[in-house]
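Take a look at the structure below.
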Amino acid sequence: MPKGLRYENDYLVGGPANAWITPNFRLSEYADADGKVFVHRELVAAVQVLRTLLGRGLDIASTAASDGLGEQIAGRFVWVRGDSPADIVATATRMIKDAWFARVEARGDRVCLEMPDPARLPPIAPESALDRAIAITAAFETSGDPYQQVTGNFDGAGLSFGPLQANLKTGTLQELFRRYQARDGTALQACFGTLWGEWQRLLRLPSRAQQVAWADSLSRGSGKADFDAGWKAALQSVGRVPALRAETLAYSYDTYGRKLIVTLAWLKGVRPIRITNFRCLAALYDLCVQQGGLDKAHDAIRRRIAAENPQNEFALTRIAVEERGRSASPEWRADCISRRLCILEREPVRVSEAGRNAERDNPSLYLLRNAPVTQIERYLA
């Protein structure tokens, strides 16, 4: 997210005109005829999600009420235009079930998109919340479709793949592909083509060190962050198979969703405040992925809760992520805390810890809806 954007009660009201406020839209595109901007951040997010789902150009046509639409709800609607109004209407209408939009109406070549009442945003389904949390965590390290991310041996992990960057060094990549094989072995083999035999040989190597060495020989580019083009294409094909993407989500649920439940249960035991807001849950999920949980900071969290007596889920979550971040290795403390606070606040937060500074940003912050998640504990239990 670019610096300088100005919000008032979650309405975007100003900033650098050419700033990208989401991956495909600049601030200036939401300006009215007088150059003023007044649009709710949830609507901006919904329009970006629509653009992503369409997979092709989408223009902001107007932010002015017309044709009997948009009256009395300034900032909560927008007119858009694209090469197929029918496709826009169909896709946006499907998004209503996830509460991205409340109303979708076509008028000629334009489509009016209206968001739900921001004072009463509908809750997010847990499956959708987990998928978004995965995307947000992945966006700290990768760009583009997180399910197609392939990273070489720049960090000693050999080969890393997917939104969670499962890798050979930890054995998580091997486990993920065992699950893929069980889910749809035929589709998996088709992704590799003539490379399938070599891939099977890799997975049968007797040690992870040998597997990492294999990946190192195929790592390319500056610092070995990229990977051999042929192998990269095969792995990206895996990331495009719907059944295997679903298995990635299931793996994330099994591995990190359960850690999140342990984290939520422990916090509730220390301070009986129920954590349901997606921003809080996404911050804690990111913590579970990167740091495994709160165990190493239990005593520090207890002391701070006793001293500060937090009254809401945001204050409680902030204590948890800050104290767990401070228990990391000194060189990573600022980074850990800044990353989690970036999620919690939906903007970069500068942090200084142990003589180091960090101000992490994330291109997927627009996915952080300020809404509760329904029955998250039951879903992950």
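The values are calculated or read from the model by the stated rules, or taken from the named source; none is laboratory data. Everything quoted here is computed from the prediction, not taken from an experiment. Here the Cβ positions follow ideal geometry from the backbone for every residue, glycine too, while neighbour counts run over all protein chains shown.
Counting only helices (runs of 4 or more DSSP H) that fall entirely inside the stretch 272-367 and contain at least 2 residues that are within 24 Å of V262 (Cβ to Cβ), more than 19 Å from the chain's Cα centre (by Cα) and among the charged types (D, E, K, R), the qualifying elements are 298-308, 313-326.
Selection within the stretch 272-297: residues that are modelled with pLDDT of 95 or more and surrounded by fewer than 16 Cβ atoms within 10 Å (Cβ to Cβ). The member of this set that is farthest from Q375 (Cα to Cα) is K296. Looking across the stretch 33-65 at every residue that is among the small types (G, A, S), on the phi < 0 side of the Ramachandran plot and part of a loop (DSSP other than H, G, I, E, B), the one that is surrounded by the fewest Cβ atoms within 10 Å (Cβ to Cβ) is identified as A33.
You will find that of Q181, Q200, Q236, Q211, the residue that is assigned to a helix (DSSP H, G or I), under 23 Å from F140 (Cα atoms) and of a type in the set (S, T, N, Q) is Q236 and no other. When G223, G185, G239 are checked against the criterion of being within 25 Å of the chain's Cα centre (by Cα) and either modelled with pLDDT under 95 or within 27 Å of S128 (Cα to Cα) (or both), G239 stands alone in meeting it. For the stretch 367-376, the criterion of a residue being of a type in the set (A, V, I, L, M), at positive phi and not assigned by TED's automatic domain parsing to the domain that holds I21 is satisfied by no position.
I'd like to check something: does the stretch 249-257 contain any residue that is more than 19 Å from the chain's Cα centre (by Cα), surrounded by 14 or more Cβ atoms within 10 Å (Cβ to Cβ) and β-branched (V, I, T)? No. For the stretch 100-122, the count of residues that are surrounded by 16 or more Cβ atoms within 10 Å (Cβ to Cβ), on the phi < 0 side of the Ramachandran plot, of a type in the set (V, I, T) and assigned to a helix (DSSP H, G or I) is zero.
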